[in-house]
Every structure is written in structure tokens, then in C-alpha cells.
Amino acid sequence: MADRTLEPRVVAFAQRQVTLTDWLFTFGGVLITLIAAFGMVAHMNTAIMAEIHSER
């Protein structure tokens, strides 16, 4: 929609907002994934590195 105005300032502002929200949602998803992963490990009372090294 911003590109329809043909106004460079409007397009630049819209692009900055899209980039900002992309970073925020990506970082939020990564953070939630890490919290969930460590929560599952803690729930199972398992040492992560012990599992990795025992397979070798």
C-alpha cells in the first residue's frame, strides 16, 4: 500500500516497520523455542550433554 503513494519517505517508513516487526517476531519465536526446549529437558531431569556424549 505504501508504494502506491509514490512517496519515498512513506515507503521507507513502511519498510522500516516491516523489518522491525520481522525481527521482533523472529526473535520472539526463537526465545519461546529455547525456553520450551530447556523446560522439557528440566521436566525430564536429563543432562543434555550427557545424552550427546553417551551416543559416541
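The values are calculated or read from the model by the stated rules, or taken from the named source; none is laboratory data. Everything numeric in this text was worked out from a predicted model, so none of it was measured. Ideal geometry is used to build each Cβ from the backbone, glycine not excepted, and the neighbour counts take in all protein chains shown.
See the values below:
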item: Residues of the range 10-45 that turn out to be among the hydroxyl-bearing types (Ser, Thr, Tyr) and in contact (Cβ under 8 Å) with a residue 12 or more places away in the chain, as a count; result: 0
item: Output for the range 17-48, where each listed residue is modelled with pLDDT under 90 and hydroxyl-bearing (Ser, Thr, Tyr); result: THR46
item: Flag if ALA14 is modelled with pLDDT under 90, of a type outside the set (Asp, Glu) and surrounded by 10 or more Cβ atoms within 10 Å (Cβ to Cβ); result: no
item: Filter result (farther than 23 Å from ALA2 by Cα and among the hydrophobic types (A, V, I, L, M, F, W, C)) within the range 16-36; result: PHE27, VAL30, LEU31, ILE32, LEU34, ILE35, ALA36
item: Number of the exception - GLU51 against (1) surrounded by 10 or more Cβ atoms within 10 Å (Cβ to Cβ); (2) at pLDDT 90 or above; result: (2)
